[in-house]
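Q: Questions regarding the structure given below will be posed in turn.
The values are calculated or read from the model by the stated rules, or taken from the named source; none is laboratory data. This one's a predicted model, so the numbers in the text were calculated from it and none came from an experiment. FYI the Cβ positions are ideal-geometry reconstructions off the backbone, even for glycines, and counts take in every protein chain you see.
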Amino acid sequence: MSIKVEMRGITKRFPGIVANDGISLTLMQGEILALLGENGAGKSTLMNILFGLYQPDEGEIHVNGKRVEISNPGTAIQLGLGMVHQHFKLVQPFTVTENIILGMEPRQGLRVNFRQAEQQVADISNRYGLKVDPRARIEDISVGMQQRVEILKTLYRGAEILIFDEPTAVLTPQEITELIEIMRKLVAEGKSIILITHKLKEIMAIANRVTVIRRGKVIDTLTVKDTNPDELAEKMVGREVSFRLDKAPAKPGKPVLTVSDVTARGANGVPVLSDVSLEVRGGEILGLAGVDGNGQSELIEALTGLRGVDSGRILLNGDDIAGASPRRIAESGLAHIPEDRHKRGLVLDFSMSENMVLKSYYTSAYNRGGFLDYEAIDKQAQRLIAEFDVRTPGTHTPARALSGGNQQKGIIAREVDQNPELLIAAQPTRGLDVGAIEFIHKRLLDQRDKGKAVLLVSLELDEILQLSDRIVVICGGRITGEVDPAQTTDRELGLLMSGTTAADGRAGSSKSTTGGEPHG
């Protein structure tokens, strides 16, 4: 096998931090090389250098045996490189084809030849089993399908070397399985892939070799068949990581959250929640399991004041908060770790200090006579950053400059620090490494053991089964069942999530309230 990419002694410095410190790695023809490291270890920075988004301060890059200067992504594309970013670079109102050909439009005279473009997109999609509709609008398709569009975009531009940056961070388990199959097809066609990930299961399932980076330095490069998740985790975080969650039996108290017969409609008038009822007690973690798109987001919005309800009651410690403002709900004792950290969790151009007080800046602790007390705000930020190990050059660093995982840890720090009566944790470990996941799980259990109520919403079945004291399943905007995590399996849970019961092996009586079959 020939060497497709070689990076030698790459160093990249930012103010207050060395992101990459003399890193060297090689990618072979027809292999998948995993790049493993903690949040903020320097993985994405290294790949942004390879794709021409950053320039190295030191070091050199060789592609197909020749030393190259990659000054911008255009040069990278000409060299056969393509990058599928963690946060997609798509124009939402445009069609799939319009996004893919943007900047490389086939012409017929002075006009764009959309028929030819659509046929090319369809041909590539069929060749790799991507199953993408060339005429669909980006805003109308799922996150998993949008990622396929990003893959198509790189293939349309002739990429032989593909970089995947945290590709499974926003995918459902089924979409992850499908993506792994797509990657296998790409490699079988002779492509070479660099996969940035925290997920050890995926590395063991798909990668040939793995390079481990810790705090900007290469720790080791291993052949996957000769290693195991325990060894990789220890090399990644520099200590032994426990994959077993030790938790004491729950001691549930009185109900903190009571949802009774809540119904809500979407913008098109179609019901998105139908007669939803559930209860979360103090001293327990209630897991909400479901296939993405079956009402979880809408229920969270209703609970946090971001969506009105048509009928039903939402009681927080006996106080009806249905229809109340988000601020009033937060002041009543509810904290919320949102599933979309960029849209709902952070103001990306604000500093980390400012983001840490987004929900409390107006209080007397940080506000004096209508003016913000930046000294107090900075002290609060410094405390939370240290306590939650948020890797940032400083409190005044914009949130945008942090890795996705460190952005997430910042949000969790802010919300948990409120010591809420009810903590809604939606995809709390999305994009986090194993060490950070271990830390966050312990924090959620700490809340439970302090007698607080926790509503955990996650697409990770392992997380739901490990952390929850009870599990309710949502399908098609309805609660379709409740199970004891100690008495169920991921298969039985998966059947309930799809609207099928293990007992009868067929579709349950619950139908989708969002216009047809339950979302999948």
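Q: Do you know which of the residues in the range 363-374 that are part of a strand (DSSP E or B) and exposed (fewer than 14 other Cβ atoms within 10 Å of the Cβ) is modelled with the highest pLDDT?
A: 371
Q: Going residue by residue through the range 402-417, is there one that turns out to be closer than 30 Å to residue 279 by Cβ and assigned to a loop (DSSP other than H, G, I, E, B)?
A: yes
Q: Let me ask something additional. Among the residues of the range 306-323, which ones are in contact with a strand residue (DSSP E or B) (Cβ under 9 Å, 6 or more places away or on another chain) and either crowded, with 18+ Cβ neighbours inside 10 Å or assigned to a strand (DSSP E or B) (or both)?
A: 307, 309, 311, 312, 313, 314, 315, 316, 320, 321, 322
A quick yes/no check of all residues on (1) in contact with a Ser or Thr (Cβ under 8 Å, 6 or more places away or on another chain); (2) of a type in the set (Val, Ile, Thr); (3) surrounded by fewer than 22 Cβ atoms within 10 Å (Cβ to Cβ):
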{"residue": "349", "(1), (2), (3)": "no, no, yes"}
{"residue": "361", "(1), (2), (3)": "no, no, yes"}
{"residue": "376", "(1), (2), (3)": "no, no, yes"}
{"residue": "381", "(1), (2), (3)": "yes, no, no"}
{"residue": "393", "(1), (2), (3)": "no, no, yes"}
{"residue": "419", "(1), (2), (3)": "no, no, yes"}
{"residue": "422", "(1), (2), (3)": "no, no, no"}
{"residue": "439", "(1), (2), (3)": "no, no, yes"}
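Q: So, in the range 463-517, how many residues would count as being of a type in the set (Val, Ile, Thr) and modelled with pLDDT under 70?
A: Number of matching residues: 4.
Q: Can you tell which of 46, 53, 36, 25 is within 23 Å of the chain's Cα centre (by Cα), of a type in the set (A, V, I, L, M) and surrounded by fewer than 22 Cβ atoms within 10 Å (Cβ to Cβ)?
A: Checking each option against the conditions leaves just 53.
Q: Given (1) in contact with a helix residue (DSSP H, G or I) (Cβ under 7 Å, 6 or more places away or on another chain); (2) at positive phi, where does residue 51 come up short, assuming only one miss?
A: Here residue 51 clears every test but (2).
Q: Of the conditions (1) over 25 Å from the mean Cα position of the chain (by Cα); (2) assigned to a helix (DSSP H, G or I), residue 144 clears all except one; give me its number.
A: (1)
Q: Quick one: count up the residues across the range 330-361 that are within 16 Å of residue 409 (Cβ to Cβ), among the polar types (S, T, N, Q) and assigned to a loop (DSSP other than H, G, I, E, B).
A: Matching residues across the range 330-361 total 0.
Q: Just to check your reading of the model, which residue among 177, 154 is assigned to a helix (DSSP H, G or I), under 14 Å from residue 90 (Cβ atoms) and either under 26 Å from the mean Cα position of the chain (by Cα) or not basic (Lys, Arg) (or both)?
A: 154
Q: One residue is enough: does the range 181-190 have a residue meeting the conditions under 18 Å from residue 437 (Cβ atoms) and either in the same structural domain as residue 293 (by TED's automatic domain parsing) or out of contact with any Phe, Trp or Tyr (no Cβ under 8 Å at 6 or more places or on another chain) (or both)?
A: The answer is no; no qualifying residue exists.
Q: Sort out for me the strands (runs of 3 or more DSSP E) sitting completely within the range 189-262 that have 2 or more residues that are basic (Lys, Arg).
A: 209-214
Each row is one residue, and each column tells you yes or no for (1) surrounded by fewer than 21 Cβ atoms within 10 Å (Cβ to Cβ); (2) at positive phi; (3) of a type outside the set (A, V, I, L, M, F, W, C).
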residue	(1), (2), (3)
425	no, no, no
435	yes, no, yes
451	yes, yes, yes
462	yes, no, yes
472	no, no, no
483	yes, no, no
489	yes, no, yes
499	no, yes, yes
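Q: For the subset of the range 426-440 comprising residues that are in contact with an Asp or Glu (Cβ under 8 Å, 6 or more places away or on another chain) and within 17 Å of residue 346 (Cα to Cα), which member is modelled with the lowest pLDDT?
A: 431
Q: From (1) touching a Phe, Trp or Tyr at 6+ places or on another chain (Cβ under 9 Å); (2) over 28 Å from residue 247 (Cβ atoms); (3) assigned to a helix (DSSP H, G or I), pick out the condition that doesn't hold for residue 393.
A: Here residue 393 meets the rest and fails (3).
Q: Okay, next question. Can we say residue 443 is outside the structural domain of residue 291 (by TED's automatic domain parsing) and in a helix (DSSP H, G or I)?
A: In short, no.
Q: State whether one or more residues within the range 253-265 are farther than 20 Å from residue 471 by Cβ and out of contact with any strand residue (DSSP E or B) (no Cβ under 8 Å at 6 or more places or on another chain).
A: Within the range 253-265 (the criterion being farther than 20 Å from residue 471 by Cβ and out of contact with any strand residue (DSSP E or B) (no Cβ under 8 Å at 6 or more places or on another chain)), the answer is no, since none of the residues qualifies.
Q: Continuing with this model, one more query. Mind telling me which of the residues 20, 39, 48, 64 ends up being in contact with a Ser or Thr (Cβ under 9 Å, 6 or more places away or on another chain) and under 30 Å from residue 188 (Cα atoms)?
A: 64
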